[in-house]
1. Residues of the stretch 113-135 being under 21 Å from E152 (Cβ atoms) and among the basic types (K, R), which ones?
2. Anything in the stretch 45-95 that is over 26 Å from the mean Cα position of the chain (by Cα), under 30 Å from A18 (Cα atoms) and surrounded by fewer than 13 Cβ atoms within 10 Å (Cβ to Cβ)? List them, or say none.
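Values quoted throughout were computed directly from the atomic coordinates according to the rules given, and no laboratory measurement underlies them. Predicted model, so just to flag it, every value in this text is computed and none were measured. FYI the Cβ positions are ideal-geometry reconstructions off the backbone, even for glycines, and counts take in every protein chain you see.
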Amino acid sequence: MPEDRSRWTTRAGGVLFALIALFIATDLVTDGGEGVGWLHLVLESVALVSAAVGAFALLVNFQRTRTDLAAARAEALRWQGENRTLVRGLGAAITGQFGRWGFTPAETEIGLFLMKGFSHAEIAALRGTSERTVREQSRALYRKAGLTGRTELSAFFLEDLLPGR
């Protein structure tokens, strides 16, 4: 979702700068020296150039961001492909441990979302429940697992996977 918002904002900014440049250019052409002082023309010209440069910069930034995003997605797909078997095994091990802790299906789903980094509000939106419900179910699963929170939940599974000092 943030990606779509950023893309929309960048496009809107580029279009806005382009419209400003168009309005200023139209004003410069239609004024045509009819009692307009040279300072006015210089200031409008500077505003026109600034708006055009701003529009160009936003569009270049947008294109660079799209390129970077495509590269990151390709890298993620490559990593997933190379590690598919390991990831499936880890996923099965995590859900198996959730079962040993006695998590309900809802707690299991919430636990997985928490480990993926979703906020309580995001989980509530995805599950169609209230944020308060998600918060209470999170507390219940931490209590059942004997953990204090999200960090300990993730560390429980990841600590031994990561290289030490």
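1. Across the stretch 113-135, the qualifying residues are K116, R135.
2. V46, V49, V53
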